[in-house]
Amino acid sequence: SRSIPAPLQQLADQINPAEAHAHDRMLRKYFQAYRVFEPSDPRLGWQRLSAKERREAIDRYIESGEVVPVEVEGLKRHYYLLASDVESFSVHQKEDGVRTSGEDDDVPIHFLPPLDNLLWSRKRLEDLFDFEYRWEIYTPAIKRKYGYYAMPILAGDRLIGRMDPRLDKKQRHLSVQLLQIDPEIDFTERLSQHLHRELEAFAHAHGASTVSVERFFREN
């Protein structure tokens with residue numbers, strides 16, 4: 001009682017012990033974490049469900065109006081999202097897409113850690129972002145392509161490449177072992193400058209006063 005805040009203890013007392021209720025809470029938590037999901041994911045709801053049970057679970061939420069299907073152009077597979085996210089999703093449908101060519105100098109850039117929830121499903125990454133990502137921490141060093149802690153680079157609404165950082169705390173220096181940009185990205189001088197400014201901000205946020213890029217790689 002001294003470690004757990006009283007509000008959390010009160011919530012725990014209100015939890016319905018029924019198994020069905022627990023499964024429902026886990027599914028809802030999964031939907032909120034993934035935001036865009038599909039039933040072929042064997043981890044749906046972080047439960048051991050058969051393919052039939054996964055489809056039936058999503059169908060139940062569709063019937064209740066809490067989940068809606070989304071058709072992605074060029075894909076046979078159907079994705080789904082929470083009905084509460086439809087408005088936000090529709091905003092992106094009306095736009096031509098967030099520019100990553102450098103024309104918009106304010107396009108937000110983020111370096112995603114390997115366990116970010118956007119990266120949880122490889123299939124979804126490839127379907128929705130046309131981006132392949134493998135966390136190479138368990139890959140033998142000689143077989144690594146991008147580095148054991150390579151972080152995907154999210155620019156606007158596109159994943160444009162990867163960067164593999166190393167932090168020297170004593171020297172207060174961030175060394176980017178590899179900065180890689182995908183070949184289809186229009187990597188203009190303005191976008192390059194903006195990316196390097198964000199690398200400097202990333203370095204300073206982690207206690208480094210200097211940053212260097214050891215290797216730049218643009219795939220063909």
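Considering segment 43-56 alone, what residues qualify as being assigned to a helix (DSSP H, G or I) and closer than 26 Å to Phe129 by Cα? I'd like the intermediate steps shown before the answer.
Restricting attention to segment 43-56, the residues satisfying the condition of being assigned to a helix (DSSP H, G or I) are 44-46, 51-56.
The answer is Leu44, Gly45, Trp46, Ala51, Arg54, Arg55.
Could you identify the single residue in Ala12, Ala6, Ala18, Ala33 that is over 29 Å from Val86 (Cβ atoms) and open to solvent by less than 50 Å² (accessible area, probe 1.4 Å)? Step through it out loud before you land on a result.
Working: Ala12 fails: open to solvent by less than 50 Å² (accessible area, probe 1.4 Å); Ala6 fails: open to solvent by less than 50 Å² (accessible area, probe 1.4 Å); Ala33 fails: over 29 Å from Val86 (Cβ atoms).
Every option except Ala18 fails the conditions.
Pick from Tyr133, Tyr149, Tyr138: which is at negative phi and open to solvent by less than 20 Å² (accessible area, probe 1.4 Å)? I'd like the intermediate steps shown before the answer.
Working: Tyr149 fails: open to solvent by less than 20 Å² (accessible area, probe 1.4 Å); Tyr138 fails: open to solvent by less than 20 Å² (accessible area, probe 1.4 Å).
Just a single option satisfies the conditions, and that option is Tyr133.
Any residue at all in segment 153-173 that is under 11 Å from Ile109 (Cβ atoms), out of contact with any Pro (no Cβ under 9 Å at 6 or more places or on another chain) and surrounded by 13 or more Cβ atoms within 10 Å (Cβ to Cβ)?
Looking for residues that are under 11 Å from Ile109 (Cβ atoms), out of contact with any Pro (no Cβ under 9 Å at 6 or more places or on another chain) and surrounded by 13 or more Cβ atoms within 10 Å (Cβ to Cβ), one finds at least one in segment 153-173, hence yes.
Please verify whether segment 134-153 includes one or more residues that are out of contact with any Asp or Glu (no Cβ under 8 Å at 6 or more places or on another chain), touching a residue at least 60 places away in the same chain (Cβ under 8 Å) and assigned to a strand (DSSP E or B).
No; the residues of segment 134-153 include none that is out of contact with any Asp or Glu (no Cβ under 8 Å at 6 or more places or on another chain), touching a residue at least 60 places away in the same chain (Cβ under 8 Å) and assigned to a strand (DSSP E or B).
Identify, by number, the condition in (1) surrounded by 13 or more Cβ atoms within 10 Å (Cβ to Cβ); (2) within 25 Å of Gln32 (Cα to Cα) that Glu126 doesn't meet.
Here Glu126 meets the rest and fails (1).
Condition test on Gln180, is it polar (S, T, N, Q), more than 19 Å from Phe129 (Cα to Cα) and either modelled with pLDDT under 95 or not in a helix (DSSP H, G or I) (or both)?
no
Restricting segment 197-206 to residues that are open to solvent by 60 Å² or more (accessible area, probe 1.4 Å) and without any contact (Cβ under 8 Å) to a residue 12 or more places away in the chain, which is farthest from Tyr148 (Cα to Cα)?
Only one residue tops the list, namely Arg197.
Only one residue in Arg2, Arg60, Arg35 is within 17 Å of Trp120 (Cβ to Cβ) and of a type in the set (Lys, Arg), so which one is that? So that I can check it myself, show each step before the final result.
Working: Arg2 fails: within 17 Å of Trp120 (Cβ to Cβ); Arg60 fails: within 17 Å of Trp120 (Cβ to Cβ).
Of the residues listed, the single one that is within 17 Å of Trp120 (Cβ to Cβ) and of a type in the set (Lys, Arg) is Arg35.
The values are calculated or read from the model by the stated rules, or taken from the named source; none is laboratory data. Everything numeric here is computed off the predicted structure, so don't read it as measured data. Please note: Cβ atoms are built from the backbone with ideal geometry, for glycine as well, and neighbour counts cover all protein chains shown. Heavy atoms of the whole protein, side chains included, go into the accessibility calculation; ligands, DNA and RNA do not. Shrake-Rupley method; radii C 1.70, N 1.55, O 1.52, S 1.80 Å.
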